[in-house]
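Q: Sharing a structure here in structure tokens format.
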Amino acid sequence: TYSDNLTLTVGSVTDSMTLKVRVQPEVCSDGVIGDLRIDVTDPDSNDEYSPGETISIKVNVDNVGDGDLDVIVEAFLYNVDQDDEIVREESDSDSIDEGKDADFKFDLDVPDDQNLDEDDDYVLYVKAYEDGSEDDHCGQDSIPIDIVRNTYDVVVKRIDVRPLVVQ
């Protein structure tokens with residue numbers, strides 16, 4: 001995120017404001033292009049998730065072009081403050097006929113083995129692209145997500161029992 005003061009002067013009138021520009025990570029490699037339009041229907045903006053939880057993703061993809069397309073939907077959770085991708089997942093490929101739409105559903109697990117700061121800003125980026133031809137057809141959307149930590153969370157990674165025989 002970049003910010004600076006911006007001063008505008010028109011004749012004898014001067015006004016100042018703070019301008020903030022947030023640079024997002026590359027989602028579609030060539031930007032939004034082609035005949036795919038996407039709508040993330042689930043999750044909702046600012047839904048809360050804890051480490052170890054699963055984000056159920058539902059995306060509606062419209063093929064507004066005049067040709068059939070094989071489409072993949074990909075989502076990744078991004079920590080804006082740390083400029084870091086947390087986890088990424090993609091759907092199976094599905095064919096969408098010209099002028100039709102399709103729903104894609106898949107899950108993204110919030111990892112429990114990373115130091116996710118609940119004070120940081122997180123964004124779920126979602127893109128739909130033509131399988132094997134992202135530079136021809138790619139649509140994208142983003143949803144802000146809140147990561148919260150419960151006061152008493154315990155993750156057990158391993159249990160050793162000694163002696164080997166337990167009664």
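The values are calculated or read from the model by the stated rules, or taken from the named source; none is laboratory data. Remember, it's a predicted structure, so these values are computed and weren't measured experimentally. Reconstructed Cβ throughout: ideal geometry from the backbone, glycine too, with neighbour counts over all protein chains shown. Protein only, heavy atoms only, side chains kept; ligands, DNA and RNA dropped before computing areas. Shrake-Rupley method; radii C 1.70, N 1.55, O 1.52, S 1.80 Å.
Matching residues to (1) assigned to a strand (DSSP E or B); (2) touching a Lys or Arg at 6+ places or on another chain (Cβ under 9 Å); (3) under 26 Å from ASP107 (Cα atoms); (4) open to solvent by 30 Å² or more (accessible area, probe 1.4 Å):
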residue: ASN5; (1), (2), (3), (4): yes, no, no, yes
residue: LEU8; (1), (2), (3), (4): yes, no, no, yes
residue: MET17; (1), (2), (3), (4): yes, no, no, yes
residue: SER45; (1), (2), (3), (4): no, no, yes, yes
residue: VAL73; (1), (2), (3), (4): yes, yes, yes, no
residue: ASP81; (1), (2), (3), (4): no, no, yes, yes
residue: GLU85; (1), (2), (3), (4): yes, no, yes, yes
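Q: Please specify each residue of the stretch 93-143 satisfying the condition of being within 17 Å of GLU53 (Cα to Cα), open to solvent by 70 Å² or more (accessible area, probe 1.4 Å) and modelled with pLDDT of 90 or more.
A: Selection gives LYS105, ASP107, ASP109.
Q: If the requirement is being open to solvent by less than 80 Å² (accessible area, probe 1.4 Å), free of Cβ contacts under 8 Å to residues at least 40 places away in the same chain and either within 17 Å of PHE106 (Cβ to Cβ) or part of a loop (DSSP other than H, G, I, E, B) (or both), which of these qualifies: GLY52, GLY67?
A: Result of the check over GLY52, GLY67: GLY67.
Q: Looking only at the stretch 19-37, which residues are assigned to a loop (DSSP other than H, G, I, E, B) and either under 17 Å from the mean Cα position of the chain (by Cα) or on the phi > 0 side of the Ramachandran plot (or both)?
A: The answer is ARG22, VAL23, GLN24, PRO25, GLU26, VAL27, CYS28, SER29, GLY31, VAL32, GLY34.
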